[in-house]
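See below for the structure under consideration.
The values are calculated or read from the model by the stated rules, or taken from the named source; none is laboratory data. Note that the structure is a prediction, hence the values are computed from the model and not measured. We place every Cβ from the backbone using ideal geometry, glycine too, and count neighbours over all the protein chains shown. Ligands, DNA and RNA are excluded from the accessible area calculation, which covers all protein heavy atoms including side chains. Shrake-Rupley method; radii C 1.70, N 1.55, O 1.52, S 1.80 Å.
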Amino acid sequence: MKKICLFLFAFISFYTFSSLSFRDEAISSIEMERINNRIAEIKNMINVDSKYNQKIAFLIDMKVPSGKNRFFVYDLEKHEVIDQGLVAHGSGSETGIKGMLKFSNLPNSNCTALGRYAVGKTYKGIFGKAYRLAGLEESNNNALKRAIVLHHYSAVPYEEQDYYISNSHGCPMVNEQFFKRIEKIIDGSKSNILMDIYY
């Protein structure tokens, strides 16, 4: 009986450790360095203007292929990524060259626009629940005019894959399961969460 208990303990410990290790390794050192650089800028912004959420920030790294996790939920107090998922970019951002994207703030461009956004009020749109995004920089200040919102869509897969996922009309569009997790964070926040889309 003792041997069985020891075996189970060893198996569970190994499995748990392996799962944690895999999760840590999922973000490359280059991606983590890029996240840390952006977080430093977000913290500076929050220090200047404390009206934004000081615990959580969302980051989207457009250098990462769309089939890989590139939407990161970052805990500003614990200094770590606490969740991640797939996110689509705008169809207008496609250049025809694999791995190379272009970006635009122009209406009807269907492009993703880079920069920091404030995640705003929720509303019910054609894809269900969505969050308005206010662009805070010259590179994305047409977000409200362009109806760029954070929403989910059934065509966005949940698991990472080796091929590219569907595109949006410029919105950060995520899987429904992932959306439900970030929805809890947004709805539980008393202040606007900052979202940073970078390349």
Could you list, in sequence order, the residues of region 122-141 that are out of contact with any His (no Cβ under 8 Å at 6 or more places or on another chain), open to solvent by 30 Å² or more (accessible area, probe 1.4 Å) and part of a loop (DSSP other than H, G, I, E, B)?
-> 126, 136, 137, 138, 139, 141
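For region 110-143, give me each residue that is among the hydrophobic types (A, V, I, L, M, F, W, C), in contact (Cβ under 8 Å) with a residue 12 or more places away in the chain and either touching a helix residue (DSSP H, G or I) at 6+ places or on another chain (Cβ under 7 Å) or farther than 21 Å from residue 59 by Cβ (or both). It would help to see each step written out before you state the result.
Taking region 110-143 as the starting set, the residues that turn out to be among the hydrophobic types (A, V, I, L, M, F, W, C) are 111, 113-114, 118-119, 126-127, 130, 133-134, 136, 143.
Still in the list and also in contact (Cβ under 8 Å) with a residue 12 or more places away in the chain: 111, 113-114, 118-119, 127, 130, 133-134, 136, 143.
Those that are among the hydrophobic types (A, V, I, L, M, F, W, C), in contact (Cβ under 8 Å) with a residue 12 or more places away in the chain and either touching a helix residue (DSSP H, G or I) at 6+ places or on another chain (Cβ under 7 Å) or farther than 21 Å from residue 59 by Cβ (or both): 111, 119, 127.
Output the residues belonging to region 142-182 that are outside any loop (DSSP other than H, G, I, E, B), of a type outside the set (A, V, I, L, M) and in contact with a strand residue (DSSP E or B) (Cβ under 7 Å, 6 or more places away or on another chain).
Step one: of region 142-182, the residues outside any loop (DSSP other than H, G, I, E, B) are 149-152, 168, 173-174, 176-182.
Retained after the next criterion (residues that are of a type outside the set (A, V, I, L, M)): 151-152, 168, 176-181.
Passing the criteria: 151, 152, 168, 176, 178, 179, 181.
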Selected residue [modelled with pLDDT of 95 or more and either open to solvent by 50 Å² or more (accessible area, probe 1.4 Å) or not hydroxyl-bearing (Ser, Thr, Tyr) (or both)] from 59, 20 = 59
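Yes or no: region 68-83 includes at least one residue that is within 17 Å of residue 199 (Cβ to Cβ), at pLDDT 95 or above, open to solvent by 10 Å² or more (accessible area, probe 1.4 Å) and not small (Gly, Ala, Ser).
Of all residues in region 68-83, those within 17 Å of residue 199 (Cβ to Cβ) come to 68-72.
After this cut, where a residue has to be at pLDDT 95 or above as well, the list is 68-72.
Of the ones still in play, those that are also open to solvent by 10 Å² or more (accessible area, probe 1.4 Å) are 68-69.
Those still in the list that are not small (Gly, Ala, Ser) too: 68-69.
Looking for residues that are within 17 Å of residue 199 (Cβ to Cβ), at pLDDT 95 or above, open to solvent by 10 Å² or more (accessible area, probe 1.4 Å) and not small (Gly, Ala, Ser), one finds at least one in region 68-83, hence yes.
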